[in-house]
Amino acid sequence: MKFHNLFFLVLIGFGLSSCNEDKTPWEDLFTNNSLEGFNIKGGNATYQNENGTIIGTTAANTPNTFLCTDKEYSDFIFEIEYKVDATMNSGIQIRSNSLPYYRDGMVHGYQIEIDPSKRAWSGGIYDEKRRKWLNPLVDNPQAQKAFKQNEWNHYRVEAIGDTLKTWINGVAAAYLIDDKTGSGFIGLQVHSIGKNKKNLGKQVLWRNAKILTTDLPKYSQESPLEPIITKNNLTYQEKKSGWKMLWDGKTTKGWRGAKLDKFPEKGWSIENGELIVADTGGAESTAGGDIVTTKEYSNFELLVDFKLTDGANSGIKYYVDTELNKGPGSSIGLEYQILDDSLHEDAKRGSHEGSRTVCSLYDLIKADPIKPLNPIGEWNTAYIKSVNNKVEHWVNDVKVLEYERGSDEFLKLVSESKYAKWPNFGLLEKGQILLQDHGDKVSFRNIKIKVPKTKKKK
């Protein structure tokens, strides 16, 4: 009888262990004693695989180094264990890229922070070589306490659509909704130590890396955290560095029609956090008309996300004076061109060759043709910086032109352009910022401005 009871208990135990076995179809990323499937980018730190554990070792006088997957991933669930020296900083890149036109191939993208310092932001989300901190752990003491110094730590990362979620040792760490980058490689960072000889030879270790790319909703976990949403909001880093929202994503506050004392009643709409100019046939400023800020700006930095439809035309103007050109057409100002270069005829026109292509200084200066534009129907980010008359146009974090207002070269270009008839064109000390109605559907969002602090005169 005792033998039968014992045998029965063994069978029950075997059955329970079988039921509890993880049936998740994980794919292992590390193979024993090999770095197959990976490549090194950035600096000259070294990596080796010892029985399935990747060991990264610091090197002197070299930038950040990354051991990157050859394969790119978009939506996935990823788990890994790591151990880091208490004096080191590290991270795990996800949806990251290295592109020749972006800072000569510099690795950039989302990073899941590894931070053994007293700050303890391990599991937070940093945007490497772009926007910096997106989801720090300033309001998450539970996650800060979850990190184990000088021990193995476990990360779970979910990247599904525009939603990124992280856990450290089972504790929810970050919850970010952001659609800046949809795919890229995974990379293990050995942080630069510069000339610091004390950190030479320090190591970061990773093991048990596995990834899931199918049936993700089935395996996704709920996070108890409130998400940080970047759409029409300032990031943590932007707040610290003085950026302000120029459009709140919901109302018309701060904007009016360029030739009206209020916001246009037609031609523009606000839908799902997007400011949209309607498709009314392609004519310039004949429907709702252009819209301008109610404030004027002198020195500034401006960020605007824009999304084109097929064949669309629009623009972002700055140093606008709405008292000029009270007649038909758009208000007068310097313009960052927004255009579908492949389908709109204006791309072939202009007083200077190529000066009406997308990102160009309209009718004056052609943008660098090697510009990292996303396809029509996807979001692009325009950045305009104007400080002490030195102006730059950027798109998707890459500079595509620069010039100096009032320089001899600038004045010559103006004299040869359609703006020659406007006295002192482009030379206003301050002016409004304008979004153009050119009768084509174009969407805007994430409109932000930074005004540099002026030094007090002694």
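The values are calculated or read from the model by the stated rules, or taken from the named source; none is laboratory data. This structure is a prediction, so every number in the text was calculated from the model and none was measured. Here Cβ is always computed from backbone atoms with ideal geometry, including for glycine, and neighbour counts include all displayed protein chains. Accessible surface areas use protein heavy atoms only, side chains included; no ligands, DNA or RNA. Shrake-Rupley method; radii C 1.70, N 1.55, O 1.52, S 1.80 Å.
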ask   = Taking the Cα centre of segment 153-290 as origin and charging only Cβ (+1 Lys, Arg; -1 Asp, Glu), how large is the dipole, in debye to the nearest 20?
value = 1140
task = Estimate the FRET efficiency between N208 and I270 by the formula 1/(1 + (r/R0)^6), using the beta-carbon distance for r and 56 Å for R0, to the nearest 0.05.
result = 0.75
key: Extension gain from D28 to D397, taking 0.36 nm per residue of separation minus the Cα-Cα distance   = 129.5 nm
task = Rank-order 403-412, 189-198 by packing density, defined as the average count of other C-beta atoms within 10 Å over each peptide's residues, highest first.
result = 189-198, 403-412
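Return the subset of K262/K421; K180/K231; K132/K240; K262/K441 for which the Cα-Cα distance in this structure is over 18 Å, preserving the input order.
Beyond 18 Å: K262/K421; K262/K441.
Compute the length gained on full extension between E36 and L411: take 0.36 nm times their separation in residues and subtract their Cα-Cα distance, giving the result in nm to one decimal. List each step's numbers first, then the result.
Working: separation 375, 0.36 × 375 = 135.00 nm, distance 5.73 nm.
Extra length from E36 to L411 when fully extended: 129.3 nm.
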task = Report the calculated FRET efficiency for A86 and D310 (r = Cβ-Cβ distance, R0 = 56 Å), to the nearest 0.05.
result = 0.55
query = What is the packing order of peptides 159-168, 210-219, taking the mean over residues of other C-beta atoms within 10 Å and listing the highest first?
reply = 159-168, 210-219
message = I'd like to check one number: the per residue accessible area of the chain, probe 1.4 Å, reported in Å² as a whole number.
response = 50
key: Cβ crowding within 10 Å averaged over residues, with 389-399, 124-134 ranked highest first   = 124-134, 389-399
ask   = Between E323 and N389, how many nm apart are label points set 7 Å from Cα along the C-beta direction?
value = 2.2
task = Read through the labelled values (i) 23, 52, 24, 1; (ii) 23, 55, 21, 0; (iii) 22, 45, 27, 5, 1, 0 and report the label of the one computed as P(r) over Cα pairs in 20 Å bins from 0, in percent from the structure.
result = (iii)
query = What nm distance separates the two modelled labels at K262 and Y219, each placed 7 Å from Cα along Cα→Cβ?
reply = 5.6
task = Report the GluC sites (Glu not before Pro) located in segment 42-86 that are in a DSSP loop and have at most 16 other Cβ atoms inside 10 Å of their Cβ, or state none.
result = E72
note = With Rg from the Cα atoms and Rh as the Kirkwood inverse mean 1/r over Cα pairs, segment 180-281 has an Rg/Rh of 1.16
inquiry  = If I take R0 = 25 Å and measure r between the Cβ atoms of L343 and T381 in this structure, what FRET efficiency does the formula 1/(1 + (r/R0)^6) give, to the nearest 0.05?
reply    = 0.70
message = Tell me the angle of helix 2-20 to the major Cα principal axis of the chain, expressed in degrees between 0 and 90 and rounded to the nearest ten.
response = 10
ask   = Carbon-plus-sulfur fraction of the accessible area of the chain, 1.4 Å probe, in percent?
value = 50
ask   = In percent, how large is the relative contact order of segment 388-458, given Cα pairs closer than 8 Å and 6 or more residues apart?
value = 16
query = How high is the relative contact order of the chain, in percent, counting Cα pairs under 8 Å that sit 6 or more residues apart?
reply = 15
